[in-house]
Amino acid sequence: MLKDGVRVGIWGLGAMGSGMARLALKRRGLEVVAAVAKRPGKAGRDLGEVLGLDAETGVRVSLDPRKAFGEGAPNVVLHSTGSLVREVYPEVLLLCEMGTHVVSVAEEMAFPWAQWPREAEEMDKAALKAGVTLLGTGINPGFVLDALILCLTGATAEVTCVKARRVNDLSPFGPTVMRTQGVGTTPEEFEKGLEDGTIVGHIGFPESISLVAKALGWRLDRIIQERHPIISKSRRETPYVRVSPGMVAGCRHTARGIVGGKVVIEMEHPQQIHPETEGTRTGDYIEIQGVPCINMAIQPEIPGGTGTIAVALNMVPVVLEARPGLLTMADLPVPRGVGHERGDRQ
């Protein structure tokens, strides 16, 4: 249950940060007291104006997190400034120093130990020292390919293998996502992008697989990832990219977790623009092999943007009640919709 008067700070006002800010402003029990942006053009403006709202909020957007969060003294900061631990690590340490809880939608924060064990330990120590809780979450990683999987295994007596697929539509996303997925490139440019790191596919497989394995008591030998272009047979277009037949419409990214030489976790995340043009239906699919076997299908996919925003806001009251430290979705109660908009009936 969300207590009244929870003071919220927003760090990052891109698509996800702006979405979290809009929802926080509407949600009963939350008071947005500070907002920090990276783009100078947003500084000094009222948050309502930056978000395109009809009314002012009384919160001035700042470029200085020390000043903004020091004056506003938020209980929790909703953080969305990057995807990688190396990008957000110093920011998270600063928030610990300032004594605020953190809910971050940086993908690698879902299980930082997977690729950044030293930084994960430092963040955990800083959070424990400050008596605050740090959580990385979102729709994926965070919910579909980790927390939801673990929830389904709760109805099993034995689990031998986990298989999961998230098939989604990239069309609503902007140019940054298009570049990292290789949309609009030739097959040759796609392969070059994989080599130089400009095309990465989905960010989060090592985190999701490591989180699931640890929660199920499996000690991973290694994680194998593969990325392949989805070649379009038709003409497709979004506001940010045009794809002709023979060009890349998206990336089919797969990952496998190996234990004792055996694949125990398989994940697949094919992402492309307008998949319906060639008969592909979006959806989220989870198969638990064990006793009993469990199969789940959600069609269409849970929307990535609105889903991430909702998960982050719904985890705020859980984080406020959690023990201090760097935690994961596996350490906390099952997520649930907890908020009411201002003016809604209880």
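The values are calculated or read from the model by the stated rules, or taken from the named source; none is laboratory data. If you're wondering where the values come from, they're calculated on a predicted model, not measured in any experiment. A quick note on method: Cβ atoms are made from the backbone with ideal geometry, for glycine too, and the neighbour counts reach across all protein chains shown. Accessible surface is based on the protein model in full, side chains and every heavy atom, while ligands, DNA and RNA are left aside. Shrake-Rupley method; radii C 1.70, N 1.55, O 1.52, S 1.80 Å.
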Take the residues in region 53-96 that are of a type in the set (A, V, I, L, M, F, W, C), touching a residue at least 40 places away in the same chain (Cβ under 8 Å) and not in a helix (DSSP H, G or I); name whichever of them is farthest from residue 12 (Cα to Cα).
73
From (1) over 27 Å from residue 140 (Cβ atoms); (2) open to solvent by 20 Å² or more (accessible area, probe 1.4 Å); (3) not β-branched (Val, Ile, Thr), pick out the condition that doesn't hold for residue 69.
(2)
Any chance region 175-187 includes a residue that's more than 30 Å from residue 291 (Cβ to Cβ) and among the charged types (D, E, K, R)?
yes
If you go through region 303-316 one residue at a time, do you hit one that is farther than 30 Å from residue 119 by Cα and in contact with a strand residue (DSSP E or B) (Cβ under 8 Å, 6 or more places away or on another chain)?
no
Considering residues that are open to solvent by 70 Å² or more (accessible area, probe 1.4 Å) and of a type outside the set (Lys, Arg), the number found within region 123-143 is 1
Every residue in region 219-259 that is open to solvent by 50 Å² or more (accessible area, probe 1.4 Å) and closer than 27 Å to residue 109 by Cα, please.
219, 221, 222, 223, 224, 225, 226, 227, 228, 252, 256
Somewhere in region 33-56, is a residue open to solvent by 20 Å² or more (accessible area, probe 1.4 Å), in contact with an Asp or Glu (Cβ under 7 Å, 6 or more places away or on another chain) and not acidic (Asp, Glu)?
no
May I ask you to say which residue of 252, 281, 219 is over 19 Å from the mean Cα position of the chain (by Cα) and without any contact (Cβ under 8 Å) to a residue 60 or more places away in the chain?
219
Failed item, numbered, when residue 297 is tested on (1) under 27 Å from residue 327 (Cα atoms); (2) part of a strand (DSSP E or B):
(1)
If we keep only residues of region 151-206 that are outside any helix (DSSP H, G or I), open to solvent by 40 Å² or more (accessible area, probe 1.4 Å) and among the basic types (Lys, Arg), then the residue farthest from residue 305 (Cα to Cα) is 163
Could you list all residues from region 324-346 that are over 18 Å from residue 76 (Cβ atoms), open to solvent by 80 Å² or more (accessible area, probe 1.4 Å) and at pLDDT 90 or above?
334
Per the filter on region 300-328, residues in a helix (DSSP H, G or I) and among the β-branched types (Val, Ile, Thr) are 306, 308, 309, 311, 316, 318, 319
